[in-house]
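What follows is a single structure, written as C-alpha cells, with notes after it.
The values are calculated or read from the model by the stated rules, or taken from the named source; none is laboratory data. Every value quoted in this text rests on a predicted model; they were computed, and no experiment measured them. With ideal geometry, Cβ positions are generated from the backbone for all residues, glycine too; neighbour counts draw on all protein chains shown. Surface areas here come from the heavy atoms of the whole protein model, side chains and all, with no ligands, DNA or RNA. Shrake-Rupley method; radii C 1.70, N 1.55, O 1.52, S 1.80 Å.
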Amino acid sequence: MKTKKKLAPSLKGDRLPLLPLRDIVIFPDMVAPLFVGREKSIKAVDYAMAHGNLILLATQKSAGNENPTAKSIYKTGCICEIIQVFKMPDGTVKIMVEGLARSPIIEYLSSSPFFMVKAKPVFAQALKSDSLKFEAVIRGVKSLFEKYLKMETRLQPETAMLIGEIKEPEELSNAIMAHLVLETQQRQSVLSETNLEKRFGMIASFLEKEVEILHIEKKVKGRVKRQMDQSQKEYYLNEQIKAIQKELGRADIKNESEEFREKIARAGMPKDTETKALKELSKLDQMPPMSAEGTVVRNYLDWLTDIPWKKKSRDRLDTLEAKKILDADHYGLGDVKERILEYLAVKKLSKSGRGPILCLVGPPGVGKTSLGKSVARALGRKFIRVSLGGIRDEAEIRGHRRTYIGALPGRIVQSMKKAGTINPVMMLDEIDKMSIDFRGDPSAALLEALDPEQNKNFSDHYLEVDYDLSSILFITTANLLHPIPSPLRDRMEVIEISSYTEDEKLGIAKNFLVPKQLKEHGLSKKQLTFGDELLGKIISGYTQEAGVRNLEREISSVCRKVARKVVENRQFNSMPTADAACEYLGPEKFRQEKAEMHNETGFAIGMAWTQAGGMIMHVEVSVVPGKGKLILTGKLGEVMRESAQAALSYIRSRAKRFGLKSDFYSKSDIHIHLPEGAIPKDGPSAGITMVSAMVSAFCNTPVRHDVSMTGEVTLRGRVLPIGGLKEKVLAAHRAGIKEIIFPKENEKDLKKIPKKILSNIKFTPVSSMDEVLSVAMVKPVFVKSNGDKVRKKKAPSGGIGHQPGIN
C-alpha cells in the first residue's frame, strides 16, 4: 500500500518522537491543524522536522494534565507526517499533520527532553476480512452514516458522496471517524481496535446512538416550533434586543430574573418568606413575559422586595434632647410628652422594648396629628400617616388577595414601603371615623395590627407571608372614644387631650402661630406685631373652639390685609390694638357667655362639654296651670329627657322636705327649657342643674347667679361623676362664674385644671342633692321636721318661676 511505502524508508529502528494530545484523537488519512504550546512538545516537533517529519500522536487520558507521564497517555496512537510548521508570535507552534497509520506504543525509550518511543505501524493487510457478515456490517454502517449526515447540519452535504466512493474497509472506518462527533474516550476505543469487524461493530453502535439522539432533538425542535405563539416570539425578540444592547455597550442591562434574585438576597427576608419569593420567581421564569399571570407575579415580587424587612432607623435615646424637640414643637400636652420620654428611657435600658400603641383622644385642632410628626422627629424616625376616616372595607387594612385584578397590599404595608424602615412612627388618623358595611369591618382588621402580642406576625392578604409590625410606634387619633369598638380600645393606651385654655391659646399664638403666619406672608416683626390684647380679643371674640385652627385662620386674615397695605404703600399701624380687630376681622363672630348679674327664680346655670371644648348652659323652669305634664324643649336628647324625669321624681319623693303638698304637681305643668334650641343637647350631667332650677321654681327661692354646677342625679338624690370636667371649668371661668359645684368623685380631675383657674374659682365637691341645694340656693329650701306641721311658702309674684296657686 501507499502508506506502507511512505513509512518504510523513514523508520530507523522504529524510534519516533511522541506528541501528547488533549481532547483530540487523530486517525489515519485524517488531516488536522494542531497548536503546540508546551516546551517538551515543541522540542518533539523540532526533532521530527529534523528526522523525516514523522511523529507519533497519542491522546492524554486527562486533558487538564500539563505534565503527562507514560501512564497518563493512551497506549495506541497514530503515526503522522508533519506537513507544515508555523511559528507563532507568542512562541507557540502551529502544525498541519496527516495521519498515516495506527501504531501501538511498544516501549517508552526516554522522557527528556521529550518522549521518545518505540512504535510499529499496523497495516491493512493484517486486518483484511472478506466474510459476508462483515460486508453486511459495512453496508449497515454506511446506511447509518448517511442518516447521520442528513440530520447533522454541521457537516457538508458532499461528505456522503466521498464516503460512498471508498472501497477499502480500513480507509472507510478512518473516514467515518474523521467526521463523526464523539467523546474522546469513544474515539480512542475505535482507534485502539485492530479487528476490523469489531471496529465496524463499535462504529455502528455509536452511529445508532447518535442518530437516535439527533432524531429526538429534531422531534423536540419541531414540537417547540409548532407550540411557539406570539408571546414566545416576543420573548426571543426581547432576548435579541438585549444581546444587541450588550453589543452596543449597554452592559448595565441585567436579566429580570437576576435582578429579582439579587433584590431577594439583599432584602434580608425571613427564611420562609425568602423561600416563597424564590418559588414565585421560579414560576415567573417559566411564564411567557407578556402573560397576565406573569405581570401579577412580577408585581408581587416587586412589593415583596421593596418593603423593608431589616432596615431600621437609629433611635435618638437622649431624653433631654427629645424633650427639647417636643417642647419646641408643641405647647403643653404634658401627658403625651411624658409617655414618649418614658418609652425612650425604657428603650435605652432594654433594647427589646416594644413600641407603645397610643391613642390620642381630644377635640379637633388641639395638635393630635402634628404631634405625631414631632414625636418622629424627637425619636429620629421616619413618620408616616394613614388616614382611616371613611374607611369601610377590611381590604383597605389587610389588602386584597392576588386573585383580584389590580390587587394591592393594605394601607399599613403600603405605608411601610413608603417609610423604608421597619420602625417608623405610624399615625393612624381618625380611628373613630371608620364604619362597617357588607365588605367587612376594618376595625376588626386592626385588632391584629394593634395587638402587641400578635403584630409580630401580621398577615396581609396580598403578601400571604407574616410581616413584623412590632417595632412600629403606633399613634392613633380620635375625637371621641365611644365610637371605637371596645376590643380595639382595649389594645390601646388612651391619652386624653383636653381643650386649650385661653392662656394656652395665647401662648401658642405668640410662640408658634404668629411667627409661622408672618413668615408665610412675607412680613417682618417691624411691619406687624401682635400684642397680647389683640390676640386675646381674637381668641374670645372671633373663635369658639377647643383647638387653635380657627385662631390661626384669623391671624392669617390679619396678615393678608396688612400685606396688601404694605404692597400698596398705605399707612397702617404696625402694632394694632384690640380695638383694631373690628377693622381687620369685622364684627365679633361669637357672643361671650357671661353669668347673670342677678339671682333669679327657676333659673340655674349648668355646664356642658362639646367637641369645641366646654360651654355654660342655662336651664329655665316655668310652672304653669295644667294637668301635671312635664314639657321639655331645647332639642334635648333621650338621655337628657330621662334626667329631667328623674329630677322631677326626686322632687316629688322629697315634697314634704321642700314644704310642698304631695299633689303639688297635679294641677300644674312643668316646662323645662334649655336656650339655643337649634343646638342638640344630650347627656346626664345636667341632672343636678335641672333639680336646682325646679326646686327654685317650686319653692320660689332663687339660685345663686355666680354658681354653675354639673353632675348626674339619681332618684335617691345621689350625685354621680361626669366627664369633661376641665372643659366645663374653662367655660365657667370665661363666663365669670365664682363657684362650681361638681361630683365628689371627680375631685381627682382637678389636677388637670390650670393652677391660675383653681385660684380664681371656688370648687365645691358634693355627693348628694342636699349638699347641692344648700350651696346653690340663696336661702335654705328644706323645712325643719316638726310633727306634721309644714312651713307654708308665699306664692311668687312673677318671673320665670311664677307659679300661682302652689304652696
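Key figures for this structure:
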| item | result |
| --- | --- |
| Protection proxy ranking, peptides 461-471, 72-82, average beta carbon neighbours within 10 Å, highest first | 72-82, 461-471 |
| Relative contact order (%) - criterion: Cα under 8 Å, at least six apart; region: the chain | 7 |
| Hull shadow area, averaged, segment 439-533 [alpha-carbon convex hull, nm²] | 10.8 |
| Cross-link partners of K516 among lysines (Cα-Cα below 21 Å; sequence separation of 8 or more within a chain) | K324, K368, K373, K505, K525, K526, K537, K561, K565 |
| Extended-chain gain in nm, criterion 0.36 nm per residue less alpha-carbon gap, K61 and E588 | 179.0 nm |
| Chain lengthening between A345 and D306 when straightened (0.36 nm per residue, less Cα-Cα) | 10.8 nm |
| Charge dipole magnitude, Cβ of K and R +1, D and E -1 - the chain, Cα centre, debye nearest 20 | 1280 |
| Gain in span if fully extended, E183 to F86, counting 0.36 nm per residue against the direct Cα distance | 32.1 nm |
| For segment 526-641, projected area of the alpha-carbon convex hull averaged over all directions, nm² | 10.7 |
| Dipole of the chain [Lys/Arg +1, Asp/Glu -1 at C-beta], most positive-end residue of P104, P308, G606 | G606 |
| Alpha-carbon spread of segment 60-128, three principal axes, descending order, Å | 46, 28, 21 |
| Two-site FRET efficiency, I166 against E239, from Cβ-Cβ distance with R₀ of 56 Å, rounded to 0.05 | 0.80 |
| Efficiency of FRET between T295 and N573 - r from beta-carbon atoms, R0 41 angstrom, step 0.05 | 0.05 |
| Candidate aspartates and glutamates for bridging to K271, where Cα separation is under 15 Å - those fewer than 8 sequence places away on the same chain excluded | E280, E464, D466, D468 |
| Percent accessible area from carbon and sulfur atoms, the chain, protein chains only, probe 1.4 Å | 52 |
| The chain - accessible surface per residue (Å², probe 1.4 Å) | 52 |
| Approximate spin-label separation R314-K94, in nm, with each point projected 7 Å along Cα-to-Cβ | 6.2 |
| Surface/4 of the Cα convex hull for segment 695-748, nm² | 4.5 |
| Candidate residues H400, H51, H482: accessible-area rank, largest first, probe 1.4 Å | H482, H51, H400 |
| For the chain, calculated [θ]222 nm from helices alone, where every DSSP H run of n ≥ 4 adds -39500 (n - 2.57) | -12500 deg cm²/dmol |
| Rg/Rh (Cα only; Kirkwood hydrodynamic radius) as it applies to segment 313-457 | 0.99 |
